[in-house]
1. Any chance you could run the full-extension gain for L67 through L30? It's 0.36 nm times the residue separation minus the Cα-Cα distance, nm to one decimal.
2. Find the eigenvalues of the gyration tensor of the Cα atoms of segment 1-145, then list the square roots of 5 times those eigenvalues as equivalent ellipsoid semi-axes, largest first, in whole angstrom.
3. Rounded, prolate or oblate, given the Cα gyration tensor of segment 60-156, with a/c below 1.5 counting as rounded?
4. Among E104, E26, E122, determine the one that fluctuates most according to a GNM of the chain built with springs between C-alpha atoms less than 10 Å apart.
5. Work out how much length S117 to E145 would gain on full extension: take 0.36 nm times their residue separation and subtract the Cα-Cα distance, in nm to one decimal.
6. Translational diffusion coefficient, Stokes-Einstein: compute it for segment 99-163 using the Kirkwood radius over C-alpha pairs as Rh, at 4 °C and 1.567 mPa s, and state it as an integer in µm² s⁻¹.
7. Figure the gain on full extension for A59 and I92 (residue separation times 0.36 nm, minus the Cα-Cα span) and round it to one decimal in nm.
8. Give the residue list of trypsin sites (Lys or Arg not before Pro) in segment 84-163 that are DSSP loop and have at most 15 other beta-carbon atoms within 10 angstrom.
Amino acid sequence: MSPRNSAIQMTFLLAVVYLLMTGNFEPVNLAFSVIIGIGISSLVRPQHLSIQWRRLPIALAAIAGYLIFLLADLWKSSIQVGRILLDPRLPIKPGIIHIDSGCESELAIALSAHAISITPGELIVEMDHRGQMYAHCLDSSQAEELIAEAQEVRRNLLSKIFE
């Protein structure tokens with residue numbers, strides 16, 4: 001598939017998603033959805049991904065494991081942040097910690113940073129081209145060890161998905 005066809009497909013897909021999200025199919029919104037699709041597909045250069053069919057079951061199992069791990073991490077972190085906020089003494093020690101993504105794929109690094117950022121009490125504030133991340137944590141007293149353990153699990157799952 002040529003890069004041009006890939007960009008056209010991506011534009012069409014983005015336009016359809018936009019229309020489905022807005023639920024507005026008037027001519028002006030149809031034109032606007034195409035403009036949005038063209039804009040995004042020109043910024044995000046779609047790459048052709050080859051599928052290795054023999055690895056598909058492993059990748060699908062890793063995706064399921066990643067989603068389960070992410071949901072469990074979100075749940076645990078929400079409980080911890082809730083406890084901190086409900087304590088009248090607010091026993092926190094905010095700070096910035098260093099996290100090595102340890103991933104080779106740019107998409108895996110981005111997903112890893114996203115998983116950390118959506119977790120309550122943590123936010124990626126800077127990341128370099130090698131995947132070194134710096135996260136602000138609501139309570140950094142134990143965060144470095146906990147995030148390092150969670151990052152190891154994410155790294156293993158993401159490597160199975162993107163190998």
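The numbers here are math on the coordinates, done by the rules we state, and not lab data. All figures in this text were calculated on a predicted structure; none of them were measured in a lab. Note: ideal-geometry Cβ built from the backbone for every residue, glycine included; neighbour counts use all protein chains shown.
1. That works out to 10.0 nm of additional length.
2. Working from the Cα gyration tensor, I get semi-axes of 36, 22, 16 Å.
3. Working: a/c = 2.56, a/b = 1.44, b/c = 1.77.
Because a/c hits 1.5 or more and a/b fails to exceed b/c, segment 60-156 counts as oblate.
4. E26
5. So the chain would gain 8.4 nm between S117 and E145.
6. Using the Kirkwood radius from Cα pairs, D works out to 110 µm²/s.
7. On the way: separation 33, 0.36 × 33 = 11.88 nm, distance 3.83 nm.
Length difference between fully extended and current span is 8.0 nm.
8. Details: sites: R89, R130, R154, R155, K160; in loops: R89, R130.
For trypsin sites (Lys or Arg not before Pro) across segment 84-163 that sit outside H, G, I, E and B with at most 15 neighbouring Cβ atoms in 10 Å, the list reads R89, R130.
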